[in-house]
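Read through the structure below, which is laid out as structure tokens, and then see the notes.
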Amino acid sequence: MPRLASRRRILRASIFGGVVLVVLAVAAFAGLYATQSRLAGQVQRIEGVFDGLEQRPERPTSGPGAESVNILLMGTDRRSDVATTGAGAGAAEWVPGAQRTDTIMVLHLDADRETGSLISIPRDSWVAIPGYGEAKINAAFSFAGPSLAVATVEQLTGLRMDHLAVVDWSGFEAMIDEVGGVTVKVPRTVTDSKRKITWTKGEHFLDGERALKYVGQRYGLPNGDLDRVRRQQAVLRALLAQSMTELRSSSPLDLYDLLDTATQHVSVDEEFEVGEMRDLLLDVRGMRKGSMHFLTAPVAGFGWEGEQSVVYLDGPANAAMWRDVREDRMDAWLDRNPGLEVTGPVS
């Protein structure tokens, strides 16, 4: 009898333990579901981004690039006293002629999610805009909003964009502050004559407000707008590194803190679900240090179109680069084109 009683106690304990585990699992799932639902509820959606787009690039159906992801990232320069993107937007995101895209980047994540590329397209690049002829690439958003911006970038790159994310300056500032600020290195002392700010040679810690001033400098840079692009990349590289450092040293649940800030301030296409954002962030979180490449679309030179100062892209070099991006061969392209990746200090 004592042995039978002991078995019964063990059985009851096992059943109780199993019930507890099931309850805890259900509670955890419910908590995650509630959190994800809350995040999804605060995302501002841009409707119809991909509707009606004609002659879009084909998505690879086989080979290395078949499972890759392309996201068009844009920062708008509309002057507004209230946010224009994200859940707290108090003004329309796009008003015809009111703003252009100050920052244009293509984020490409390779199919294996072990490497990726963040490629800037200078906002003054002189390109063909579907239905409007040649103009600066940042004019596409001003002419007809997000859809035309996507069509223009797809036509230029030959890449089919899977998603679109747009952020204004208030959102950029919030993301920097969320990770506790970033550090950049200035290789030489330069003065922003408009803002009356001198950036001395050396390291600078930037909170969100100072980061905006740093990436927004237009005057006093040796290479003009290209240096401005490199500054944007430097801050984004630092932001990514800081985010990954914090996330790797804490629970995966802390991904939601970053997602919480992002979903409050970034506007995305209506098909970009929070679950996919989370999964992509987990993929990037798992990348080795240095496996995300930062570079700028190859430039042939500068010139004038009427009264506009423009950037001329290097056609053959861009065609080769975007082809290798599409086929997940950026490592090979960078080996053939050393020096184009942004890795060190910028002006």
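The values are calculated or read from the model by the stated rules, or taken from the named source; none is laboratory data. If you're wondering where the values come from, they're calculated on a predicted model, not measured in any experiment. No Cβ is skipped: glycine too gets one built from the backbone with ideal geometry, and neighbour counts run over all protein chains shown.
Assorted remarks:
- Test: residue in region 183-194 that is out of contact with any Cys (no Cβ under 9 Å at 6 or more places or on another chain), more than 18 Å from Leu236 (Cβ to Cβ), basic (Lys, Arg) and modelled with pLDDT under 90: yes
- In this entry, Arg228 passes the filter for residues that are closer than 21 Å to Val182 by Cα and at pLDDT 80 or above.
- Subset of region 46-103 that is acidic (Asp, Glu) and over 24 Å from Arg218 (Cβ atoms) - its residue that is modelled with the lowest pLDDT: Glu54
- Only residues that are aromatic (Phe, Trp, Tyr), in a helix (DSSP H, G or I) and touching a strand residue (DSSP E or B) at 6+ places or on another chain (Cβ under 8 Å) were counted across region 256-273, and they come to 0.
- Residue match in region 274-283 (condition: surrounded by 15 or more Cβ atoms within 10 Å (Cβ to Cβ) and assigned to a loop (DSSP other than H, G, I, E, B)): no
- Residue match in region 202-216 (condition: at pLDDT below 80, surrounded by fewer than 18 Cβ atoms within 10 Å (Cβ to Cβ) and part of a loop (DSSP other than H, G, I, E, B)): no
- Any hit, region 212-220, residues being farther than 25 Å from Arg45 by Cβ and hydrophobic (A, V, I, L, M, F, W, C): yes
- Subset of region 175-201 that is in contact with a helix residue (DSSP H, G or I) (Cβ under 8 Å, 6 or more places away or on another chain) and of a type in the set (A, V, I, L, M, F, W, C) - its residue that is surrounded by the fewest Cβ atoms within 10 Å (Cβ to Cβ): Ile197
- Residue list for region 125-134, filter: in contact (Cβ under 8 Å) with a residue 12 or more places away in the chain and either in a strand (DSSP E or B) or under 12 Å from Ala297 (Cα atoms) (or both): Ser125, Trp126, Val127, Ala128, Ile129, Glu134
- Residues in region 106-155 that are of a type in the set (Asp, Glu) and either surrounded by 18 or more Cβ atoms within 10 Å (Cβ to Cβ) or modelled with pLDDT under 95 (or both): Asp110, Asp112, Glu114, Asp124, Glu154.
- Near pairs, Cβ below 8 angstrom, 6+ apart or cross-chain, from region 331-347 (within 18 Å of Ala300 (Cα to Cα)) to any residue that is of a type in the set (D, E, K, R): Trp333/Asp324; Leu334/Glu341; Val342/Arg230; Val342/Arg237
- Filter pass, Tyr219 being in a loop (DSSP other than H, G, I, E, B) and over 15 Å from the mean Cα position of the chain (by Cα): yes
- Residues within region 286-328 that are within 20 Å of the chain's Cα centre (by Cα), closer than 26 Å to Val346 by Cα and surrounded by fewer than 16 Cβ atoms within 10 Å (Cβ to Cβ), tallied: 4
- Residues (among the polar types (S, T, N, Q) and either without any contact (Cβ under 8 Å) to a residue 24 or more places away in the chain or assigned to a helix (DSSP H, G or I) (or both)) located in region 135-147: Ser142, Ser147
- Flag for Val266 being of a type in the set (A, V, I, L, M, F, W, C) and over 20 Å from the mean Cα position of the chain (by Cα): no
- Selection within region 148-182 - under 23 Å from Glu203 (Cα atoms), in a helix (DSSP H, G or I) and over 15 Å from the mean Cα position of the chain (by Cα): Asp177, Glu178
- Of all residues in region 161-171, none are of a type in the set (D, E, K, R), touching a helix residue (DSSP H, G or I) at 6+ places or on another chain (Cβ under 7 Å) and closer than 20 Å to Leu109 by Cβ.
- Looking across region 217-228 at every residue that is within 18 Å of Leu295 (Cα to Cα) and touching a helix residue (DSSP H, G or I) at 6+ places or on another chain (Cβ under 9 Å), the one that is surrounded by the fewest Cβ atoms within 10 Å (Cβ to Cβ) is identified as Asn223.
- Hits in region 106-142 - residues which are aromatic (Phe, Trp, Tyr) and in contact with a helix residue (DSSP H, G or I) (Cβ under 9 Å, 6 or more places away or on another chain): Tyr132, Phe141
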